[in-house]
Amino acid sequence: MNEREIQSTSSRKNTKSFIETERAASAYATQVAKALWGQDISSVQFRAGRQAVVPFERRNDPDAQRPDAVTIDSGWRGLTVIEGQNEQNFAEVFNSLEGVK
């Protein structure tokens, strides 16, 4: 493979991975929304975030600052239901978690 073919293959894999992860996150958001507010919903949104840590080489530096968290708002999207999901079981478990309701 030449460099261009390698980049194209990598790009396709990254795109596929993004779409699969986006679908899973949307399906989870759909289940959470239904667990909290019932079936009468038409769209969902969610946030994705990450919190970096102090770089390894500065781990013992008492003045080291943890980088700021990064949060991305997904925006509104339609409901995603993946075959085999059990909304009732999900709602029972999710709503039983401390701090949910």
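The values are calculated or read from the model by the stated rules, or taken from the named source; none is laboratory data. Just so it is clear, the model here is predicted, and its values are computed rather than measured. All Cβ positions, even for glycine, are placed from backbone atoms using ideal geometry, and neighbour counts span all protein chains on display.
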Residues (exposed (fewer than 10 other Cβ atoms within 10 Å of the Cβ) and either part of a helix (DSSP H, G or I) or at pLDDT 80 or above (or both)) located in region 1-12: E3, R4, E5
Qualifying residues in region 37-55 (those that are charged (D, E, K, R) and in contact with a strand residue (DSSP E or B) (Cβ under 6 Å, 6 or more places away or on another chain)) - the one farthest from R23 (Cα to Cα): R50
Of all residues making up region 28-74, the number that are loosely packed, with under 10 Cβ neighbours inside 10 Å, closer than 30 Å to Q85 by Cα and aromatic (F, W, Y): 1
